[in-house]
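For reference, the structure is listed below as structure tokens.
Where a number appears in this text, it was derived from the coordinates with a stated rule and is not lab data. These figures come from a predicted structure and were not determined experimentally. Using ideal geometry, Cβ is built from the backbone for each residue, glycine included, and neighbour counts are taken over all protein chains shown.
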Amino acid sequence: MEEELLDSIFAAILDGDIPAAPGAVQAALDAGLSAETILNEGMIAAMSRVGELYEAGDYYVAEMFTSAKALQAGLSILRPHLQNSKVQAAGTVVIGTVKGDMHDIGKNLVAMMLEGAGFQVHDLGPDVHPSRFVNAVLEHKPDIVALSALLTTTMPAMQTTIDALSAAGLRDQVKIIVGGAPVNDEYAEHIHADGYAPDASQAVTLAKAMVTNG
Ligand code: B1M
């Protein structure tokens, strides 16, 4: 039963069936599956398969795009269930996907889960120029700046963003966390970020530790 429900979520996303995705997610929730299981074993697993098919030349950008839309449609149902955290953290976060990078699903998940944990989140969207991060830090005075990148070609924009914050004299006023599929601990250290998280829930743990421990 559980497997069938997860299979139908997986299929809706893999096939880019935008109308079917919300219903499949709702059915799994109604059957008592946890939001985390639905997200990780249904939705993200399907997206990984989409990536594999794209790499193999069986899917094109158009299919990746429709699958992303189906995932987003499913997320709209899942959103309140991912935000049910009982522990509330105080802190402000400015988040965005770096310049040149249009991938925003992972970033949206991180933003959503930070909000669920009680953070005030200013989401600048995808393709954010370093100067927009600088302006947002001046405007919102966040505790944390969170940078996402999904492409190896846009990872260097994380460095450029950190450099822009340094040049504006703001680097010491914020903690910077980074993440996204091609990013790792080593890269975070290399660009002098303050931390790296491999997924949205660990980004929340990291952000909480940063506002608690300073
Ligand atoms: Co693109 N794409 N894409 N794509 N796309 C990838 C990333 C790719 C790996 C596919 C592949 O080849 N297997 C590949 C990158 C290769 C590389 O650089 N190594 C790729 C490519 C090549 C491209 C284009 C260049 C294709 C082209 O045009 N020829 C193009 C680039 C456009 C641009 O950005 N300039 C492109 C375009 C697109 C679409 C627009 C069609 C669409 C994005 C739609 C959207 O986001 N609104 C898309 C999609 C959907 C993907 C895949 C299939 C799925 C990404 C996704 O949403 N995953 C992806 C393949 C894959 O990842 N398997 C692929 C689900 C999401 C929940 O995971 O974003 O990894 P993710 O987020 C995770 C963690 O990474 C982490 O938390 C999340 C999980 O909890 N995380 C953070 C993310 N940010 C974080 C920040 C943090 C902490 C954790 O702290 C701040």
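Taking the helices alone, the chain has a mean residue ellipticity at 222 nm of -16500 deg cm²/dmol, built from -39,500 (n - 2.57) per DSSP H run of at least 4 residues and averaged over all its residues. The Cα atoms of segment 154-205 define a convex hull whose projected area, averaged across directions, is 3.5 nm². With coordinates expressed along the principal axes, the C-alpha atoms belonging to segment 91-214 extend over 32, 29, 25 Å, beginning with the largest. May I ask for the angle, rounded to the nearest 10°, between helix 20-30 and the longest principal axis of the chain, with both axes built from Cα atoms and the value confined to 0 to 90°? Helix 20-30 and the main axis of the chain meet at about 90 degrees. Computed from the C-beta positions of L138 and N184 and an R0 of 35 Å, the FRET efficiency is 0.70 to the nearest 0.05.
Once backbone amide H atoms are built at 1.01 Å from N, I176 has V145, D194, G195 as its partners under 5 Å, excluding neighbours fewer than 5 places away on the same chain.
Once amide H atoms are built 1.01 Å from N in the peptide plane, which residues 5 or more positions from A168, or in another chain, come under 5 Å H to H? Answer set, sorted by chain and number: none. Axis of helix 130-140 versus longest Cα principal axis of the chain: the two differ by about 80°, to the nearest ten degrees.
Across the chain, counting alpha-carbon atoms alone, Rg and Dmax equal 17.5, 56 Å. The alpha-carbon atoms of segment 2-85 define a convex hull whose volume equals 76 cubic angstrom per residue.
Shown in residue order for segment 111-123 are the 3J(HN,Hα) couplings computed by the Karplus curve 6.51 cos²θ - 1.76 cosθ + 1.60 at θ = phi - 60°: 4, 4, 6, 5, 4, x, 8, x, 6, 8, 10, 10, 9 Hz (x for Gly and Pro). Model label sites at D7 and T153, defined 7 Å from Cα along the beta-carbon direction, differ in position by 3.9 nm. Between amide H atoms placed 1.01 Å from N, distances below 5 Å from I191 occur with no residue 5 or more places distant or on a separate chain. Largest mean-square fluctuation among H103, H140, H190, in a Gaussian network model of the chain whose springs join Cα atoms under 10 Å apart, belongs to H190.
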